[in-house]
Amino acid sequence: MSQAIIRSFFDRPVLDVARDLIGATLLVDGVGGPLVEVEAYDETDPASHSFRGPTARNAAMFGPAGHAYVYKIYGIHWCLNFVCRPGSAVLIRALEPTHGVDQMRHRRGGLPDRQLCSGPGKLCEALAIDRAYDHLPLDRPPFTLLAADRDHPVATGPRIGITKGADTPWRFAVQGSPFLSRPMR
């Protein structure tokens, strides 16, 4: 069995954390699977919610490392981030569904497994994550985080769905995974 990831894992530079999360298993109340795609953001990045400083919305990004930062995008979809050092976080973009797949299918309207968690909003819907998870510690229930049990070939590329800092290669993914939100370019 893989070793549990503890909060101190996140008290490092965000790019190191992002790369090291590839292949780690995320479970929320026992539902989830291995992370296959993430993006890094920090306070020097114009695309980051923390770029202009603390607000009520982004307060979790300035709190302790190893906690969740959950926000709504486009007024519709929840997004889950893992807080690293103050002002930095890793957006969880996609995972391979392996645990609680029937629950995920039910929550996502019976979609094929490939489409259950292939994007940050889809992932949050499949794992039933909403604003109530904001600020929660990642090393306690409902979260379970387990270190990757093997090395994965990691692809790096530009982030998705942003205009500022769009060419910054802070997107990390399992190379060739069919569960990505979009193929790496």
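The values are calculated or read from the model by the stated rules, or taken from the named source; none is laboratory data. Model, not experiment: these values are computed from the prediction. Positions of Cβ are generated from backbone atoms using ideal geometry, with glycine treated the same way; all protein chains shown enter the neighbour counts. Note: areas computed on protein heavy atoms with side chains; ligands, DNA, RNA excluded. Shrake-Rupley method; radii C 1.70, N 1.55, O 1.52, S 1.80 Å.
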### Query
Identify, please: which residue in region 42-63 is under 19 Å from the mean Cα position of the chain (by Cα) and among the charged types (D, E, K, R) and is, among those, modelled with the lowest pLDDT?
D45
### Task
Name the strands (runs of 3 or more DSSP E) wholly inside region 21-136 in which the number of residues that are open to solvent by less than 10 Å² (accessible area, probe 1.4 Å) and closer than 23 Å to V174 by Cα is 3 or more.
31-41, 77-83, 89-95
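Collect the residues in region 52-85 that are among the polar types (S, T, N, Q) and farther than 22 Å from E125 by Cα, keeping them in residue-number order. Quick ask: steps written out before the conclusion?
Taking region 52-85 and keeping what is among the polar types (S, T, N, Q), we get 55, 58, 81.
Passing the criteria: only T55.
Look through R159, R150, R171 and report the one residue that is at pLDDT below 95 and in contact with a Gly (Cβ under 6 Å, 6 or more places away or on another chain).
Residue meeting the stated conditions: R171.
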### Message
Among the residues of region 148-163, are any in contact with a Leu (Cβ under 7 Å, 6 or more places away or on another chain) and in a loop (DSSP other than H, G, I, E, B)?
### Response
no
### Query
Checking D139 against (1) of a type outside the set (F, W, Y); (2) crowded, with 20+ Cβ neighbours inside 10 Å; (3) within 15 Å of the chain's Cα centre (by Cα), which test does it fail?
(2)
